[in-house]
Amino acid sequence: MLGSRERAAYGPACLWLLFSTSCGSTTAGAPGVAPPNTREEPVAVTGEDADAKGPFETCYSTFSPSGDASGDLARLVRNCGPAGGMRALTAVHQGQQGERDPVERLSFEVPEGGKCYRVYAVGDSGVKDLDLLLRGASGDAFVADVSHDSWPVLPPREPICLSEAGVYLLEVSVSRGEGRYALQVWGR
């Protein structure tokens, strides 16, 4: 759970993201963000319908965390990272956090515009809800995890393509539970 100061800063950004996006994954028209590809998500994906989701969603459709944050992250990025020609851009970051702890802020540099990125994170068995929020160089929130699980993929449907170079900020918070987590930024 976020403290009152974090909630005050985090809440309006999340509400803005929820109301300005389709399904909460990317923000169309936000500065520095290329418009997302739009495609309808099938209600149920089985057999022949699996291809309708595309490689960025199908890669984790059967993923189930074991409770080992580092091992689970390795499995998740092995299945999803290379989809669409992506590669690891940062080292694996490991942290520990509880729901009463402050948000952890990490930064990574986008050297030039026109590149696409995705963040993978997994919490251990004590983390029940792990959340991510990506902010641009100007501090604007671009994309947030709105799922209630311990392994967010940000954005979930496809990478986010950033049109501006700069230092981007990733906020990590445990909303429910406590424990270790591992995350990594991938891109192309």
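The values are calculated or read from the model by the stated rules, or taken from the named source; none is laboratory data. Bear in mind that the values here come from a model prediction, so they are computed numbers and not experimental data. Cβ sites come from the backbone with ideal geometry, for glycine too, and all protein chains shown count toward neighbours. Calculation scope for accessible area: heavy atoms of the full protein, side chains included, ligands and nucleic acids excluded. Shrake-Rupley method; radii C 1.70, N 1.55, O 1.52, S 1.80 Å.
Near HIS148: Cβ cut-off under 14 Å, other residues only, Lys/Arg at +1 and Asp/Glu at -1. The net charge is -3. Rounded if a/c is under 1.5, else prolate if a/b beats b/c, else oblate: with a ≥ b ≥ c from the C-alpha gyration tensor eigenvalues square-rooted, which is the stretch 74-169? It is oblate, given that a/c is not under 1.5 and a/b is not larger than b/c. Under the combined filter of DSSP loop state and at most 11 neighbouring Cβ atoms within 10 Å, the stretch 84-166 retains these trypsin sites (Lys or Arg not before Pro): ARG100.
Test of understanding: extend the Cα→C-beta vector of ARG100 to 7 Å, then name every residue of the stretch 144-188 with backbone N under 18 Å from that spot. Output list for this probe position: 173-180. Available extension along the chain between GLU109 and ARG87 is 6.4 nm, counting 0.36 nm per residue and deducting the alpha carbon span. In loop segments of the stretch 53-147 as defined by DSSP, the GluC sites (Glu not before Pro) with at most 12 further C-beta atoms inside 10 Å of their C-beta are GLU112. For the stretch 149-188, the per residue solvent-accessible surface stands at 32 Å², with DNA, RNA and ligands left out and a 1.4 Å probe. Shown here for the stretch 145-188: GluC sites (Glu not before Pro) in loop regions (DSSP other than H, G, I, E, B) with at most 16 other Cβ atoms within 10 Å, namely GLU164. For the stretch 76-188, the fraction of 1.4 Å probe accessible surface lying on carbon and sulfur atoms is 47 percent.
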